[in-house]
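Everything on this sheet refers to the single structure shown next.
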Amino acid sequence: MSGEKKQVAQPPSAFKNFVAGGVGGTCLVLTGQPLDTIKVRLQTQNVKPGETPFYTGTLDCAKKTIQKEGFRGLYKGIMTPLVGVTPIYALCFLGFGVGKKLQTKDPNEELTLLQIGNAGLLAGVFTTVIMAPGERIKCLLQLQTGDPKNAKYKGALDCAKQLYKEEGLFRGVYRGTAATLLRDVPASAAYFAGYEMLLRSLTPEGKSRADMSPLRILVAGGSAGILNWIVAIGPDTLKSRFQTAPAGTYTGVRDVFTQMVRTEGISALFKGLTPVMLRAFPANAACFLGYELAMKALNKLLPNW
């Protein structure tokens, strides 16, 4: 009725967000890792004017990777995001929940999309503690080609140990933290606001979020993933370059940008765009579907938590 306030579902507990976020993140990693490996390899190619790049595009990179390293080569570095995915997504949804709570005056009032975006900004800050070193290790492992026996890093833990020994915690393991924030803070705002906007528009008249079909969740989640990467692709390229370059190559993210644009042009910021966009929809559709289904299951099993 016109004079009644719309009942808004109470936010899930931190425990449920932790578990459901971990499920969603695992779905994202398993679905998107091959194209993520291709993206990183394309982004980190330093091509001088007149030179022919080793990888000429997404399909060429995939073909050469499989020929030289087998299909498993596309899954290099996967253990780092898999191990870190539960705490990353737990922190992400925790930050998102805190951001919404800070802006909530009436628990029965629906937040605006701007407020949802603001909560997403905080979610991006929360994840950086784990995301920055995880991305650094993952990218370095993804760039290793050839015989695994001759590889410098034997795995994620060995990579972390060597980085710490050679360059220390902040200059080594946590190199690229500012670049990760530059990518994740605005991208997370677009991600959550986009998902919420699509979810609201796709919810059938008179129905609630709990009544959403898996197909509608897939569409909303996949579309939010594309929106996320439209915002994130440029900063992500800078981050990948900075995190994988030998120590001393760049003084910071601004220096990466300056050198890249001077030698390769502004279009270099969008290297890896094709695999990013090919990955964005299915990976994030799987993420949000995994999250929503896990949350539904938890609400049935643990209704009072």
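The values are calculated or read from the model by the stated rules, or taken from the named source; none is laboratory data. Keep in mind that this is a model prediction, so the values were computed, not measured. As a convention, Cβ positions derive from the backbone with ideal geometry for all residues, glycine included, and neighbour counts pool all protein chains shown. Quick note on the areas: whole protein, heavy atoms, side chains included, nothing else; ligands and nucleic acids left out. Shrake-Rupley method; radii C 1.70, N 1.55, O 1.52, S 1.80 Å.
Computed extension length for Arg254-Val47: 72.6 nm, one decimal, from 0.36 nm per residue of separation with the Cα-Cα distance subtracted. Solvent-accessible area per residue in the chain equals 51 Å², computed with a 1.4 angstrom probe and all protein chains kept. Mind jotting down the distance between the C-alpha centroids of the stretch 108-175 and the stretch 11-48, whole Å? Here the answer is 11 Å between Cα centres. Measuring r between the beta carbons of Leu278 and Leu302 and using R0 = 45 Å, the FRET efficiency lands at 0.75. Compared with the alpha-carbon gap, the fully stretched path from Phe54 to Phe71 is longer by 4.2 nm at 0.36 nm per residue. With the cut-off at under 19 Å, measuring from each backbone N in the stretch 227-247 to a point 7 Å along the Cα-to-Cβ line of Phe270 picks out 227-241. Within the listed set Leu269, Leu114, Leu94, the residue fluctuating most in the Gaussian network model of the chain (springs between alpha-carbon atoms under 10 angstrom) is Leu114. What the pair-distance distribution of the stretch 57-108 shows, using all Cα-Cα distances binned every 10 Å from zero, is 21, 24, 21, 18, 12, 5 percent. Other residues whose C-beta falls under 13 angstrom from the C-beta of Lys100 contribute a net charge of -2, scoring Lys and Arg +1 and Asp and Glu -1. Summing Lys and Arg as +1 and Asp and Glu as -1 over all other residues whose Cβ lies under 10 Å from the Cβ of Gln162 gives a net charge of +1. Normalised by 2.2 N^0.38 Å, where N is the number of residues, the alpha-carbon radius of gyration of the stretch 68-175 equals 1.41.
Here, P(r) means the percent of Cα pairs in each 5 Å bin from 0 to the largest distance; for the stretch 15-301 it is 1, 6, 11, 16, 19, 16, 13, 8, 5, 3, 1, 0, 0. Take the convex hull of the alpha carbons in the stretch 207-260; its mean projected area over all directions comes to 5.4 nm². Highest-first packing order for the peptide set 25-36, 166-177 is 25-36, 166-177, based on the mean count of other beta carbon atoms within 10 Å.
The GluC sites (Glu not before Pro) of the stretch 180-284 meeting both criteria, a DSSP state outside H, G, I, E and B (loop) and at most 16 other C-beta atoms within 10 angstrom of the site's C-beta, are Glu205.
Gain on full extension, evaluated as 0.36 nm per residue between Asn150 and Met79 minus their Cα-Cα distance, stands at 23.6 nm. Charge tally for Glu196 (other residues, Cβ to Cβ under 11 Å; Lys, Arg +1; Asp, Glu -1): +2. Just checking the listed ones, Pro53, Pro186, Pro133: in the Gaussian network model of the chain with Cα springs under 10 Å, the one fluctuating most is Pro53. Placing a pseudo-label 7 Å from each Cα along the Cα-to-Cβ vector at Ser13 and Glu110 gives an inter-label distance of 2.8 nm.
The stretch 121-270: D in µm²/s via Stokes-Einstein (Kirkwood Rh, Cα pairs, 4 °C, 1.567 mPa s)? Value of D from the Cα-based Kirkwood radius: 75 µm²/s. GNM remark for the chain: springs join alpha carbons under 10 Å apart, and the peak mean-square fluctuation among Lys63, Lys207, Lys161 falls on Lys207.
The Cα-based radius of gyration of the stretch 231-305, divided by its Kirkwood radius, gives an Rg/Rh of 1.26.
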